[in-house]
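S.K.: Have a look at this one before I ask anything.
The values are calculated or read from the model by the stated rules, or taken from the named source; none is laboratory data. These numbers were taken from a predicted model, which means no experiment stands behind them. Methodologically, a virtual Cβ is constructed for each residue, glycine included, from the backbone with ideal geometry; neighbour enumeration extends over all protein chains shown.
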Amino acid sequence: MTERPHLAVIGAGPAGLAATLAAARHGLRVTLIDAAPEAGGQFYRQPAAGLGARRPRTPRHSRRGWERLRAGLDRYVSAGHVTHLRDHHVWFARRRRAGFTVHALLGPEQERPVEVRADGVLLATGGYEKVLPFPGWTLPGVVTAGGAQAMLKGGLVLPGRTVVVAGTGPLLLPVATGLAAAGARVAALVESADPRALVRRPAPLAAQPAKLAEAARYAAGLLRHRVRTLVRHTVVEAHGDDRLTAVTVAALDTDGRVRPGTRRRIDCDTLAVGHGMLPHTDLAQGLGCRVDGVAVHVDDEQRTDVPGVWAAGEATGIGGAALALAEGHIAGRSAAARLSGAVPEPHGWAAAAGSRAGLRRFTAALDGIYAPPAHWADLVTDGTVVCRCEEVTGGAVRQAVTDLGAGDVRTVKLLTRAGMGWCQGRMCGTAVAGLAGCPETAARRPFARPVPLGVLARAGEDENEDEERQADGHDGRDGRDAHPDEQHDAR
Amino acid sequence: MNPLEWAGARPGPAFAVTFDGREIEALPGQTVAAALWAAGVRSWRTTRGEGRPRGVLCGIGVCFDCLVTVNDRPNQRACLVPLRPGDAIRTQEGTGHHD
């Protein structure tokens, strides 16, 4: 038997799992590399095994999907076609003369390095939540909507007793209903958009009956738990000294400005807030893949513009789990054919391509409706912390632009340190770009995670010996273009 | 209703850990952040610059706001690190390297 070509799939959420199963089924050996102790990603996150949860709390259709994926993964792992590496935090993937090396750090401590070599790489790195700043958003008790959900799903804990869920986007509905069902009092759901606008654009919605049913279920859940829903409203301030005690909300006019005289205070110990999501693109950028705006560019086969690298799911643009499943399947099929030296036959994945097209239209319709208030930056006072890691205020960012002439995010960063801390600008990037009046683009980060210097110094040592002199001239692959102050040191 | 009832959970036996010397209970599989939330604790770090309190923000390991000292190792992400019996969690002041 000839050796199966080897694909490294990074990320075990919906896209990565679908890709892994499709690729293994069609003849590849797959190493599925994931940071979590269990597969599933954020969407299929399950309670930790030790908690002994017996009642699955995910909707029936997604539960069935998860059970199918997990059974498939178990089957291919037992057959020896898939290796599932848990607790592996990938910080870099690089192209070698033949194939790729994926560099990871092991366990929550993330100190011990692991390298995986493969013929191809499939990026299913997912996304993370975007939060725009407002006065008081750094107070303990202010969490992201997705964070509150992740802690509930994984740890079976609530962030507090009385919660306001706020921001914009379809995620707020399941977060509000989930927290309420688990025992929190949800004092209000505050949405800056007006989702009723969806009804005025019925075509993409009508084509997605499953989504319609999902929305109806959440609406019923809000009613059942008597959650007050305020549309076209926003949180203008979070109050408290050392922890959150209340928020002030206000109505928005049609231009997205706060309407005078509409402010009201809601007592709460928790604010779960989110303004949409952003793709994780660091590994793609490290490999030299084209990124359009904030998302990895892919073709109809989910190939990036770097040969041997595929991408699927949120990394290629935020679109939800169903879209990620379709894209992952297509990417896995394409990789299986191409790495075996064959030309893929797209009619084999016609069903997935069909749902991908419909779901992309649906996502585009949602994007046209859910948006943060157009004038969110008006709420950011000069004293509001914008970069949470480096404690850089809105005033400092504005001063860098108006007094010091910074015309882009990078210059603002060099002048103020905004985006230079632990999170590397993931939390403040959108806000800094908005305050500086720049378009939002994916930041270039040499590494996807903090890396101990000792690991960095040794990474690829053996490869360097046989390959360094024959380097193929491909991009600045070791992040040599990185400034020293952007590299995290050892902890 | 609480989250454990909601999920029909029958956790393994609870165990003791400490937070700033005070004993708190944790359940098997819970992260540092989950056990602290369950104990009613919302912040366990102060910032380097202004000394302001912080706790969980993103809950998935991206934001690094929930950094904490566990068994004398600073800068651990509370939302990722699972607890073991006897673990000593301490509030992290600033960089965590001064104390």
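S.K.: Would it be correct to say that A:ARG70 is free of Cβ contacts under 8 Å to residues at least 12 places away in the same chain and more than 14 Å from every other protein chain (Cβ to nearest Cβ)?
M.R.: Details: free of Cβ contacts under 8 Å to residues at least 12 places away in the same chain: no; more than 14 Å from every other protein chain (Cβ to nearest Cβ): yes.
Judged against the criteria, A:ARG70 is not a match.
S.K.: Something else about it: Would region A:97-104 turn up any residue that is modelled with pLDDT under 95 and in the same structural domain as A:GLY288 (by TED's automatic domain parsing)? Before the answer, list the steps.
M.R.: Initially, region A:97-104 is screened for residues modelled with pLDDT under 95, giving A:97-98.
Retained after the next criterion (residues that are in the same structural domain as A:GLY288 (by TED's automatic domain parsing)): A:97-98.
Yes, region A:97-104 contains a residue that is modelled with pLDDT under 95 and in the same structural domain as A:GLY288 (by TED's automatic domain parsing).
S.K.: Right, here's the next one. Are any residues in region B:33-60 of a type in the set (Gly, Ala, Ser) and more than 7 Å from every other protein chain (Cβ to nearest Cβ), and if so, which ones?
M.R.: Going residue by residue through region B:33-60, those that are of a type in the set (Gly, Ala, Ser) are B:33-35, B:38-40, B:43, B:49, B:51, B:55, B:59.
Across region B:33-60, the qualifying residues are B:ALA35, B:ALA39, B:GLY40, B:GLY51.
S.K.: Filter region A:17-54 down to residues that are hydrophobic (A, V, I, L, M, F, W, C) and in a strand (DSSP E or B) and give me whichever is farthest from the other protein chains (Cβ to nearest Cβ).
M.R.: Start the filter on region A:17-54 by keeping residues that are hydrophobic (A, V, I, L, M, F, W, C), which leaves A:17-19, A:21-24, A:28, A:30, A:32-33, A:35-36, A:39, A:43, A:48-49, A:51, A:53.
Narrowing the set further to residues that are in a strand (DSSP E or B) leaves A:30, A:32-33, A:53.
Numbers: A:VAL30: 24, A:LEU32: 18, A:ILE33: 15, A:ALA53: 4 Å.
My answer is A:VAL30.
S.K.: Just to be sure before I move on: is A:ALA331 under 20 Å from the mean Cα position of the chain (by Cα), surrounded by fewer than 22 Cβ atoms within 10 Å (Cβ to Cβ) and either among the aliphatic types (A, V, I, L, M) or not in a helix (DSSP H, G or I) (or both) in the structure I sent? Spell out how you get there, then give the answer.
M.R.: Values: under 20 Å from the mean Cα position of the chain (by Cα): yes; surrounded by fewer than 22 Cβ atoms within 10 Å (Cβ to Cβ): no; either among the aliphatic types (A, V, I, L, M) or not in a helix (DSSP H, G or I) (or both): yes.
Criteria not met by A:ALA331.
S.K.: Only one of (1) of a type outside the set (A, V, I, L, M); (2) under 22 Å from the mean Cα position of the chain (by Cα); (3) under 23 Å from A:THR430 (Cβ atoms) fails for A:HIS375. Which number is that?
M.R.: (2) is the only condition that A:HIS375 fails.
S.K.: Taking A:ALA396 as meeting all but one of (1) buried (at least 19 other Cβ atoms within 10 Å of the Cβ); (2) small (Gly, Ala, Ser); (3) in contact with a strand residue (DSSP E or B) (Cβ under 7 Å, 6 or more places away or on another chain), write down the number of the exception.
M.R.: (3)
S.K.: I need the full set of residues from region B:71-82 which are more than 9 Å from chain A (Cβ to nearest Cβ) and either closer than 28 Å to A:GLY127 by Cβ or among the acidic types (Asp, Glu) (or both), in order please.
M.R.: B:ASP72, B:ALA78, listed by residue number.
S.K.: Looking at region A:136-147, which of the residues that are more than 7 Å from every other protein chain (Cβ to nearest Cβ) and aliphatic (A, V, I, L, M) is surrounded by the most Cβ atoms within 10 Å (Cβ to Cβ)?
M.R.: A:VAL142
S.K.: Taking interchain pairs and intrachain pairs at least six residues apart, which have beta carbon atoms under 6 angstrom, with the first residue in region A:300-323 and closer than 15 Å to A:VAL343 by Cβ and the second hydroxyl-bearing (Ser, Thr, Tyr)?
M.R.: If the second residue must be hydroxyl-bearing (Ser, Thr, Tyr), the pairs left are A:GLU301/A:SER334.
S.K.: If I ask for residues that are of a type in the set (Gly, Ala, Ser) and under 21 Å from A:HIS375 (Cβ atoms), which ones from region A:118-139 would you list?
M.R.: In the first step, residues of region A:118-139 are kept if they are of a type in the set (Gly, Ala, Ser); the result is A:118, A:120, A:124, A:126-127, A:136.
Once the filter is applied, which keeps residues that are of a type in the set (Gly, Ala, Ser) and under 21 Å from A:HIS375 (Cβ atoms), region A:118-139 yields only A:GLY136.
S.K.: When you scan region B:31-39, do you find a residue that is surrounded by fewer than 21 Cβ atoms within 10 Å (Cβ to Cβ), more than 11 Å from the chain's Cα centre (by Cα) and either more than 30 Å from A:MET420 (Cα to Cα) or not polar (S, T, N, Q) (or both), even just one? Spell out how you get there, then give the answer.
M.R.: Here is the first cut: in region B:31-39, the residues surrounded by fewer than 21 Cβ atoms within 10 Å (Cβ to Cβ) are B:39.
Imposing the further condition that a residue be more than 11 Å from the chain's Cα centre (by Cα) reduces the set to none.
Looking through region B:31-39, none of the residues is surrounded by fewer than 21 Cβ atoms within 10 Å (Cβ to Cβ), more than 11 Å from the chain's Cα centre (by Cα) and either more than 30 Å from A:MET420 (Cα to Cα) or not polar (S, T, N, Q) (or both).
S.K.: Okay, moving on. Of the residues B:ILE24, B:ILE89, which single one is under 14 Å from the mean Cα position of the chain (by Cα), assigned to a strand (DSSP E or B) and either at the interface with chain A (Cβ under 7 Å from one of its Cβ atoms) or buried (at least 23 other Cβ atoms within 10 Å of the Cβ) (or both)? Give the steps one after another, and end with the answer.
M.R.: Numbers: B:ILE24 fails: either at the interface with chain A (Cβ under 7 Å from one of its Cβ atoms) or buried (at least 23 other Cβ atoms within 10 Å of the Cβ) (or both).
B:ILE89 is the lone residue from the list that is under 14 Å from the mean Cα position of the chain (by Cα), assigned to a strand (DSSP E or B) and either at the interface with chain A (Cβ under 7 Å from one of its Cβ atoms) or buried (at least 23 other Cβ atoms within 10 Å of the Cβ) (or both).
S.K.: Select from region B:5-21 the residues that are in contact (Cβ under 8 Å) with a residue 12 or more places away in the chain and either in a helix (DSSP H, G or I) or at the interface with another protein chain (Cβ under 9 Å from one of its Cβ atoms) (or both) and list them in ascending order.
M.R.: Scanning region B:5-21 gives B:PRO11, B:GLY12.
S.K.: Going through region A:113-133 one residue at a time, which ones are within 14 Å of chain B (Cβ to nearest Cβ) and more than 20 Å from A:HIS280 (Cα to Cα)?
M.R.: Taking region A:113-133 first, the residues within 14 Å of chain B (Cβ to nearest Cβ) are A:125-133.
The answer is A:PRO133, and nothing else.
S.K.: Further question on the same structure: Quick one: which residue in A:LEU366, A:LEU339, A:LEU359, A:LEU323 is within 17 Å of A:ALA295 (Cβ to Cβ), crowded, with 20+ Cβ neighbours inside 10 Å and out of contact with any helix residue (DSSP H, G or I) (no Cβ under 6 Å at 6 or more places or on another chain)?
M.R.: Details: A:LEU339 fails: within 17 Å of A:ALA295 (Cβ to Cβ); A:LEU359 fails: out of contact with any helix residue (DSSP H, G or I) (no Cβ under 6 Å at 6 or more places or on another chain); A:LEU323 fails: out of contact with any helix residue (DSSP H, G or I) (no Cβ under 6 Å at 6 or more places or on another chain).
Matching residue, one of A:LEU366, A:LEU339, A:LEU359, A:LEU323: A:LEU366.
S.K.: Given the residues A:ARG63, A:ARG97, A:ARG57, which is the only one that is in contact (Cβ under 8 Å) with a residue 24 or more places away in the chain and within 14 Å of chain B (Cβ to nearest Cβ)?
M.R.: Working: A:ARG63 fails: in contact (Cβ under 8 Å) with a residue 24 or more places away in the chain; A:ARG97 fails: within 14 Å of chain B (Cβ to nearest Cβ).
After applying the criteria, what remains is A:ARG57.
S.K.: Which residues, taken from region A:233-279, are of a type in the set (Gly, Ala, Ser), outside any loop (DSSP other than H, G, I, E, B) and in contact (Cβ under 8 Å) with a residue 40 or more places away in the chain? Show your work before the answer.
M.R.: Narrowing region A:233-279 to residues of a type in the set (Gly, Ala, Ser): A:238, A:240, A:246, A:250-251, A:256, A:261, A:272, A:274, A:276.
Retained after the next criterion (residues that are outside any loop (DSSP other than H, G, I, E, B)): A:238, A:246, A:250-251, A:272, A:274.
A:ALA238, A:ALA272, A:GLY274 - these are the residues of region A:233-279 that are of a type in the set (Gly, Ala, Ser), outside any loop (DSSP other than H, G, I, E, B) and in contact (Cβ under 8 Å) with a residue 40 or more places away in the chain.
S.K.: Taking the condition of being surrounded by 22 or more Cβ atoms within 10 Å (Cβ to Cβ), of a type in the set (Lys, Arg) and under 22 Å from A:GLY240 (Cβ atoms), how many residues in region B:52-86 meet it?
M.R.: 1
S.K.: Considering A:ARG226, A:ARG185, A:ARG259, which residue is more than 26 Å from the chain's Cα centre (by Cα) and more than 18 Å from A:ARG161 (Cα to Cα)?
M.R.: Numbers: A:ARG226 fails: more than 18 Å from A:ARG161 (Cα to Cα); A:ARG185 fails: more than 18 Å from A:ARG161 (Cα to Cα).
Going through A:ARG226, A:ARG185, A:ARG259 in turn, the sole match is A:ARG259.
S.K.: Looking only at region A:123-163, count how many residues are in contact with a Gly (Cβ under 7 Å, 6 or more places away or on another chain), of a type in the set (Ser, Thr, Tyr) and either closer than 19 Å to A:CYS268 by Cα or modelled with pLDDT under 95 (or both).
M.R.: Total meeting the criteria: 1.
S.K.: Scan region A:73-94 residue by residue and report those that are surrounded by fewer than 21 Cβ atoms within 10 Å (Cβ to Cβ) and either of a type in the set (Gly, Ala, Ser) or within 14 Å of another protein chain (Cβ to nearest Cβ) (or both).
M.R.: Those that are surrounded by fewer than 21 Cβ atoms within 10 Å (Cβ to Cβ) and either of a type in the set (Gly, Ala, Ser) or within 14 Å of another protein chain (Cβ to nearest Cβ) (or both): A:SER78, A:ALA79, A:GLY80, A:ARG86, A:ASP87.
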